[in-house]
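Notes follow the structure.
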Amino acid sequence: MDQIGATAYIKLKGYTAQPEQVWQRAQATLLTSHNEGYALSLVEALANGVPAISYDVKYGPGELIDESTGRLVPEHDYTQMAETLVTCFNAPEELARKNAAAVSSTQRFSAENIWQKWNEVLS
């Protein structure tokens, strides 16, 4: 990653008890796991207007991320992950469009929509 300058963009901050403050400063989020049950952190990021870059692994990322809200990268492709991150930061207009799309993409997870879906299932 150092060869393409990605280390200038990547900072690992660790755990926080105040995620909303972190999301307000974030420009993108990375999901680099190779297995996911359900990526709640992606929903949180998108709901806060933070585009997501993730490996395209089973059970989650592909259901939440599309080209308007972030980018899916083939699993284990470290080079493309780093290049996608650098490209993201070098295109501020596209990043701003993804911010807005990210927020609206999570409306399907609102309490009202979930309640309506439960009512449909239980009726």
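The values are calculated or read from the model by the stated rules, or taken from the named source; none is laboratory data. Because the structure is a prediction, the values reported are computed rather than measured. Please note: Cβ atoms are built from the backbone with ideal geometry, for glycine as well, and neighbour counts cover all protein chains shown. Surface areas here come from the heavy atoms of the whole protein model, side chains and all, with no ligands, DNA or RNA. Shrake-Rupley method; radii C 1.70, N 1.55, O 1.52, S 1.80 Å.
The table below gives the values:
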| read-out | value |
| --- | --- |
| Filtered residues of segment 9-41 (kept if small (Gly, Ala, Ser), exposed (fewer than 11 other Cβ atoms within 10 Å of the Cβ) and either within 17 Å of THR69 (Cβ to Cβ) or at pLDDT below 90 (or both)) | GLY14, GLY37 |
| Matching residues, segment 42-63, being open to solvent by 10 Å² or more (accessible area, probe 1.4 Å) and under 8 Å from the mean Cα position of the chain (by Cα) | VAL43 |
| Subset of segment 96-123 that is β-branched (Val, Ile, Thr) and within 17 Å of GLY49 (Cβ to Cβ) - its residue that is surrounded by the fewest Cβ atoms within 10 Å (Cβ to Cβ) | VAL103 |
| Selected residue (only one of GLU75, GLU93, GLU83 is out of contact with any helix residue (DSSP H, G or I) (no Cβ under 7 Å at 6 or more places or on another chain) and open to solvent by 80 Å² or more (accessible area, probe 1.4 Å)) | GLU93 |
| Subset of segment 74-92 (residues that are hydrophobic (A, V, I, L, M, F, W, C), over 14 Å from the mean Cα position of the chain (by Cα) and assigned to a helix (DSSP H, G or I)) | ALA82, VAL86, PHE89 |
